[in-house]
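The values are calculated or read from the model by the stated rules, or taken from the named source; none is laboratory data. Note that the structure is predicted; figures quoted are calculated from it, not measured. Cβ atoms come from the backbone with ideal geometry, glycine included; neighbour counts cover every protein chain shown.
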Amino acid sequence: MKELSLNILDVAKNSVKAEASLIEIELIETEKTLLIRIKDDGYGMDKEFLSRVLDPFSTSRTTRKVGLGLPLLKLAAEQTEGSLSISSVPRGGDQPSGTTVEAFFHKDHIDFTPLGDIVSTIELLIQGNPDIDFRFVHTMPDKEVSLDTRELREVLGDEVPLNDFAVLSWIRGSLEEQYEEQGSNPDME
Amino acid sequence: MKSLEELAQIRERMKNKVALREANGEIRIVVGMATCGIAAGARPVLNALVESVVKEDLKNVTVTQTGCIGMCRLEPIVEVFAPDQDRVTYVKMTPDKVPEIIEKHIKGGHPVTKYTIGAVEN
């Protein structure tokens, strides 16, 4: 993957598949580090699956036996001497179920993959999954960009879906404005 | 910052449009967005499609995402389902090819054969 935002798009789809109703994507940046956290309230994984989920030959798909989303994100993190961790609570227990993936990066490492066009990633996640709620927060040293589809839904009511093209344009515009408004741009495509 | 007021206006405008949309036969554009598609460049293709549909104000067109179609080496793959037409599969898609497909196929009804799986595979 040429951009970490593509890994995020890919890995967030695991949460969609896990029947999440809320997917939270947090990016926490300092001058030298980046933490990507993807958290969902989907059906989670049991210990056995969790233990082999980073193996490229492990997948939840049934049509083929190879799943590469998480291993690719792990590789991207580890090649900056960072790391990836996953915690998960399976559905059916006392605790609310869900999965949290955290990937930690050293931005000044020569093998750091740029974040790239995160605005497109968020827009297209909403475009493809209008019935799921997304909360996006990108914290940088000098500013914060955020979007919560639950707030948008309150205004739009039931008759306008989140993937209506006018709404998607608004979402893109809102994110781009927030990135531009308060100083430096993220590195866009 | 973009205001939620603008969203409320979108909602108002939409109230009148729903009936109109349902009256027309719908064209479905489906983009493969699994790991293979994304890695091959499907995101900018999907972006270009969404933008074109907005720009051209195409009321009877939906753009949806799907998983892996099983031909990873030909990704990014875009399939078009139009009423009364066979499915058309475009392979090795790029954003550059999008305007031509929108113009000739989506608006004109004539698939752009040179970008289809049939042309690329033979």
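Just a few scattered comments:
- For segment B:61-88, the set of residues classified as in contact with a helix residue (DSSP H, G or I) (Cβ under 7 Å, 6 or more places away or on another chain) and assigned to a loop (DSSP other than H, G, I, E, B) consists of B:Cys68, B:Glu75, B:Pro76, B:Ile77, listed by residue number.
- Among (1) touching a strand residue (DSSP E or B) at 6+ places or on another chain (Cβ under 9 Å); (2) away from chain A (no Cβ under 14 Å) - the single one B:Thr62 does not satisfy: (2)
- Only a single item in (1) loosely packed, with under 14 Cβ neighbours inside 10 Å; (2) without any contact (Cβ under 8 Å) to a residue 24 or more places away in the chain is not met by A:Glu81, and it is number (2).
- Subset tally (residues that are buried (at least 17 other Cβ atoms within 10 Å of the Cβ) and at pLDDT below 80) for segment B:1-46: 1
- Near pairs, Cβ below 8 angstrom, 6+ apart or cross-chain, from segment A:88-112 (at positive phi) to any residue that is assigned to a loop (DSSP other than H, G, I, E, B) and surrounded by 17 or more Cβ atoms within 10 Å (Cβ to Cβ): A:Gly98/A:Ala20; A:Gly98/A:Asp41; A:Gly98/A:Gly42; A:Gly98/A:Gly44
- Verdict on A:Ser85 being part of a strand (DSSP E or B) and among the hydroxyl-bearing types (Ser, Thr, Tyr): yes
Rundown of residues vs (1) over 27 Å from A:Leu50 (Cβ atoms); (2) of a type outside the set (D, E, K, R), yes/no style:
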{"site": "A:Gly98", "(1), (2)": "no, yes"}
{"site": "A:Ile126", "(1), (2)": "yes, yes"}
{"site": "A:Pro130", "(1), (2)": "yes, yes"}
{"site": "A:Asp133", "(1), (2)": "no, no"}
{"site": "A:Asp158", "(1), (2)": "yes, no"}
